[in-house]
Amino acid sequence: MSILTLTESPSPGWLDAVRAEHQKMFSVRSTWWTLVAIVVLGAGLTTLICATSAEWLASAEADEAPGSFITWGMMIAPVGAVVLGALAITTEYGSGQIRSTFATTPARGRVLAAKALVLAVVLFLVGTVTALIGYVGGNHFLDRHGIGLALEGDVLRAMYGSGLYLAALGVMSLAVGFIVRHTAAAISLMLALIFVVSGMSPLIPGRVGDWIEKLMPGNAGPSIATPVDFNPNLLDAWTGYGVFLAETAIVVAVAWALLRRRDV
Amino acid sequence: MIEAHSLTKHYGDAVAVAGIDMVVEPGRVTGFLGPNGAGKSTTMRMILGLDRPTSGRVTVNGRRYVDSPAPLREVGALLDAHAVHPGRTARQHLRQLATSNRLDPRRVDEVLDLVGLTEVADKRAGKFSLGMGQRLGIAAALIGDPAVVVLDEPVNGLDPEGIRWVRSLARRLADEGRTVFISSHLMSEMALMADHLVVIGRGRILADCSMDRFMAEHAASSVVVRTPEPGAAAAALREAELEREGDVLVVRGLDAAQVGDLLFIAGVRVHELTTRRASLEDAFMTLTADAVQFHATARTPEEVPA
């Protein structure tokens, strides 16, 4: 008598890897904490900054556009995307789960692709919803001072643009996680790249400095997530996002090349 | 069936596996025995495609594991009881494994029941004891109902009841015609579990034979004779292999009855006649003595640096 029931089932494919990664992502608590943090920070800070700045923005002294404030929280929410993207893989390396994962799905590229897809979809949805909640909350205060913004044109683009930015950022962070295989290292590297190095790049003088500033991922990427950027020197929304996607693709390619060669 | 051909793995300058050839046959339990650092885990990781061989190859059922169309149904492996995210429950861990290989989701409950973890199925794996972790790892190895089962040190951390359970499980899996490949650094454990033995030391195969043959070859018995007339006894037993230590003779190649009869015929007085059987553990130690990576060296006090 067999102790195991022999089952016949078809060969697993890409879709099965995607389903498994989806189950993995939502069966750990860190995912929920990170997503809640994105929503609370992203929408909450936008509402807060609009509530406190609306009067000034409506006055004659204002030298910034209300459009720069309506997605203000989306300057902080990317931290959540960085953390979620990195954790999706570095906790596997940290716990040893990765050996189980690659023994189960030896096609390693499939694991990378499945994780990237699940992350991108989740972060796109959460990013867009977060921006919309922030818009509703922030615009309430802008409206009271007569400077409310209609949900159309660049404002509307900034809503799903927030989702698009977080999606690509999460995938870049995932790829960095595959490369460095360590949670703290991956998150520090990404935060330094996006928030510190990109922010310091205007210090480089001359035309070369201008271009480095424009092309830095932390500058090129987020332009899609705001109707009016605080920094007038940056690339326009879709060009910037295109540059950011290309940069993400390069990091993913490096991660994939290393993944194929390395021992687990 | 697992086949390795000149399988070699270097980590930098260190040679972990030095060109091994072996065939692990289905229908029997093959023990993979060696001291720590002998290359057991590296070999198992190469079988599963986790480590890439420096040269040579290893195949499972005739093809590289990474080329398997249905990995979990081909090979089930326990490589490391901790290869589980501590935040997931046992059920969640097994469910995502089943999903990734498009297995029937009912397999999750079946293997939980098989390893006796049903009651703690919704507990986080991070809270599991070492023994429960081993059981979860074995559940994961069996979820795809694989023809080949690879278990790296499965009895680590198990209590005596658990050890006996692994032993009978291995036996049943082999009796069902599966290939069962189990590593251990404990000879005593292998002696009870394995039909066939592959001994590895410093990355080389030291022995590859049936358990019975290994015992016959390496655990040879001897007969100890204590006599006040060792000279006369030695003469009477000259056909056998002899070792003399004062009034004690150690005789190999004859059993106690033969020795007793020969000494009786020669009229030699005997004060003690004992059969001494070398333990398998001794045999294993002797075989791998030169192959142990980390020797504990005893120093006399004078040699200890001040």
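Can you tell me what percent of all Cα-Cα pairs in region B:1-127 are more than 24 Å apart? Summing the P(r) tail past 24 Å for region B:1-127 gives 41 percent. For region B:221-277, the alpha-carbon coordinates run over 25, 22, 19 Å along the three principal axes, in decreasing order.
Phi angles of region A:217-224 translate, via the Karplus equation with coefficients 6.51, -1.76, 1.60 and θ = phi - 60°, into HN-Hα couplings of x, x, 9, 5, x, x, 4, 6 Hz per residue; Gly and Pro are given as x.
If R0 equals 41 Å, the separation of the Cβ atoms of A:SER11 and B:ASP282 corresponds to a calculated FRET efficiency of about 0.25.
Relative to the longest principal axis of the Cα atoms of chain B, the long axis of helix B:160-175 lies at roughly 80 degrees. Which part of region A:246-264 falls in the paramagnetic zone of A:ALA185, meaning amide N under 18 Å from the point 7 Å along Cα-to-beta-carbon? Within reach of a label on A:ALA185, which here means backbone N under 18 Å from a point 7 Å along Cα→Cβ, region A:246-264 contributes A:251-264. Of all the options A:PRO106, A:PRO205, A:PRO66, the one that moves most in a Gaussian network model of chain A with Cα springs shorter than 10 angstrom is A:PRO205. Peptide B:49-56 shows a mean partner chain C-beta count of 3 within 10 Å per residue C-beta. Please report the antiparallel percentage of the DSSP beta bridges confined to region B:2-217, to the nearest 5. Here the share of antiparallel DSSP bridges comes out near 55 percent. With the convex hull constructed from alpha-carbon coordinates only, region B:2-217 shows a mean projected area of 11.5 nm² over all directions.
Mind putting a number on the dipole of chain B about its Cα centre? Charges go on the C-beta only, +1 for Lys and Arg and -1 for Asp and Glu, and I need it in Debye to the nearest 20.
1240
Each other residue within a Cβ distance under 13 Å of A:TYR160 adds +1 if Lys or Arg and -1 if Asp or Glu, for a net charge of -1. Taken along the Cα-to-beta-carbon direction at a fixed 7 Å, the label points for A:ILE76 and B:GLU241 span 8.1 nm.
Relative contact order, whole percent, for region B:221-277 stands at 52, derived from Cα pairs under 8 Å and 6 or more residues apart. Using r as the Cβ-Cβ distance of A:LEU151 and A:ARG260, and R0 as 41 Å, what FRET efficiency do you calculate, to the nearest 0.05? E between A:LEU151 and A:ARG260, to the nearest 0.05, is 0.35.
Which of B:ALA236, B:ALA18, B:ALA278 moves most in a GNM of chain B, Cα contacts under 10 Å? Checking each option, the largest mean-square fluctuation is seen for B:ALA236. Reported value for chain A: 147 Å³ per residue, from the convex hull of its C-alpha atoms.
Within 10 Å of the Cβ of each residue in A:12-19, the mean number of Cβ atoms contributed by other protein chains is 4. For chain A, the relative contact order is 23 percent, taking Cα pairs closer than 8 Å that sit 6 or more residues apart in sequence and dividing their mean separation by the residue count. Sorted fewest first by neighbouring Cβ atoms within 10 angstrom, A:SER223, A:SER100 come out as A:SER223, A:SER100.
3J(HN,Hα) couplings calculated from phi for region B:108-116 with the Karplus curve 6.51 cos²θ - 1.76 cosθ + 1.60 (θ = phi - 60°) are, in sequence order, 4, 5, 4, 6, 4, 5, 4, 9, x Hz; Gly and Pro show x. Take every DSSP beta bridge whose two residues both sit in the protein assembly as shown; close to 65 percent of them are antiparallel. Remark: the Cα gyration tensor places region A:98-246 in the oblate category, a/c being 1.5 or greater and a/b not exceeding b/c. Between region A:95-118 and region A:27-71, what's the alpha-carbon centroid distance in Å? Each part reduced to its Cα centre gives a spacing of 36 Å. Helix B:256-265 and the long axis of chain B differ in direction by around 10°, with both axes built from C-alpha atoms. In region B:231-255, whose amide N lies under 11 Å from the spot 7 Å out along Cα-to-Cβ of B:THR275? List them in ranges. Within reach of a label on B:THR275, which here means backbone N under 11 Å from a point 7 Å along Cα→Cβ, region B:231-255 contributes B:255. Shielding of peptide A:101-112 by partners, expressed as the average count of other chain Cβ atoms within 10 Å per residue Cβ, is 6. Judged by the mean number of other Cβ atoms found within 10 Å, the most tightly packed of the peptides A:69-75, B:173-179 leads the ranking A:69-75, B:173-179. For the protein assembly as shown, the Cα-based Rg and Dmax, in that order, read 33.2, 128 Å.
No lab work stands behind these numbers, since they all come straight from the coordinates. This one's a predicted model, so the numbers in the text were calculated from it and none came from an experiment. Don't worry about glycine lacking a Cβ; one is built from the backbone with ideal geometry, like all the others, and counts go over all protein chains shown.
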